[in-house]
Amino acid sequence: MLIKLARASDCKMSEVTSESVYLSRRALLGGSLAGLAASVMPRLGLAADPSRYADVEPGNAPGWFAEKLGGTQWQAMTVQGEAITPFKDATHYNNFYEFGADKGDPAQNAGSLKTAPWTVVVDGEVGKPGRYALEDFVKPHHLQERIYRLRCVEAWSMVIPWLGFPLSDILKQVEPTSKARYVRFETLQDPKTMPGMRSGFALIQWPYVEGLRLDEAMNPLAILAVGMYGRELPNQNGAPLRLVVPWKYGFKSIKSIVRISLVEEQPQTTWQGLAPDEYGFYANVNPTVDHPRWTQARERRLPSGLFSPNVRETLMFNGYADEVASLYSGLDLRTNY
Ligand code: MTE
């Protein structure tokens, strides 16, 4: 069990969102860590620099994942001069409200999530809609390791080595029609295995929904991740399939995806629906546009503590301006936050 010390600098969406949104906060259920099976570790040691993953807990990778790992392009993208966040922090300081509102709740409770079998539906404005078993969904794609900054709207950040493939690969495959303008993503909704949904602590309208403009979704930086730190995704990080859009606040990177729909209208997304004055549809990391309750000019890079707060300046588009700024030319980023 984790013991957390509250800090004045700890901004939490659950605290800053209007009080009416949260009725009660905690839902603690016993959870179990994934079983220990070291099958991916020898490959990892050979293929990548093992020292970067010194603290990784081995997972219990399904066969298809272990096979895919063999062809992985390691360090396809990295962040120069910034340390990778220790595995322990990336997996024990999480936001995954389906498993509770406190940062330690997902690690504590997400053991109940059943990640196999897993089905992903792709539908809407596409020429080739489909319903796929996860392994078939991933099979045609080569995994790449992308080491990205993750900047939460709550003003903390991490550097995480993801394993995934470009979202654009899937979108091209399903052939969007001329009407498709946005991509809508949906998380699994299963109150039986997701105690945060049962607790009634939040007025979140499940399922958790996120969205991107189609041109944002086609940007090569946007990936669908199936792993991190050289192994499959831990449940608390969004197993078995999550989105990663590194130039946007972390809430856009929706976890445990079951449905991807190409749509004509801008989708209603979870946090924008709950508190539209605080969380926008675009949610681009932007140090010049503050959250109504705190500055976005700086961030706390984890791990951080009382004596080493590890505070740094937040970068425009989280440091990915060269790759994505052109998506927003002519758009007022102050009103389209
Ligand atoms: N996806 C779902 N389904 N539910 C959530 O509560 N939280 C978001 C995002 N994806 C969330 C989610 C938020 S607020 C953040 S900051 C990131 O996940 C955190 O990802 P991490 O826990 O892997 O660091």
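Each reported figure results from applying straightforward, stated rules to the coordinates on display, with no laboratory input. Predicted model, so just to flag it, every value in this text is computed and none were measured. Cβ: placed from backbone, ideal geometry, glycine included. Neighbour counts: every protein chain shown.
The HN-Hα couplings worked out from phi for the stretch 212-219 by the Karplus form 6.51 cos²θ - 1.76 cosθ + 1.60 (θ = phi - 60°) are 9, 5, 4, 5, 5, 5, 7, 4 Hz, whole numbers, x standing for Gly and Pro.
Other residues lying with their Cβ under 14 Å from the Cβ of residue 330 contribute a combined charge of 0, Lys and Arg counting +1, Asp and Glu -1. Considering only 86, 174, 113, the residue lying farthest towards the positive end of the dipole of the stretch 13-328 is 113, judged by Cα position with unit charges set on Cβ.
If a/c stays under 1.5 just call it rounded; otherwise compare a/b with b/c (prolate if a/b is bigger, oblate if not). Do that for the stretch 74-118, with a ≥ b ≥ c from the square roots of the Cα gyration tensor eigenvalues.
oblate
For the peptides 118-124, 263-269, the ranking by mean Cβ contacts within 10 Å, running from highest to lowest, is 118-124, 263-269. Amide H contacts of residue 291 (H built 1.01 Å from N, in plane; Pro and chain starts excluded): 296 sit under 5 Å, all sequence-distant by 5 or more or on other chains. Please tell me which of these pairs span more than 27 angstrom C-alpha to C-alpha: 114/172; 68/192; 139/192; 103/192; 172/255? Among 114/172; 68/192; 139/192; 103/192; 172/255, the Cα-Cα distance tops 27 Å for 114/172; 68/192; 139/192.
Taking amide hydrogens as placed 1.01 Å from N in the peptide plane, the amide H of residue 227 sits under 5 Å from those of 163, 233, each at least 5 positions away in sequence or on another chain. For residue 159, the residues whose modelled amide H falls within less than 5 Å of its own, excluding neighbours fewer than 5 places apart on the same chain, are 85, 150.
Rounded to the nearest 20, the size of the Cβ-charge dipole of the stretch 112-153 about its Cα centre is 200 debye, with Lys and Arg at +1 and Asp and Glu at -1.
Hydrodynamic analysis of the stretch 13-328 uses the Kirkwood radius over alpha carbon pairs. Inserted into Stokes-Einstein at 4 °C and 1.567 mPa s, it gives a translational diffusion coefficient of 65 µm²/s.
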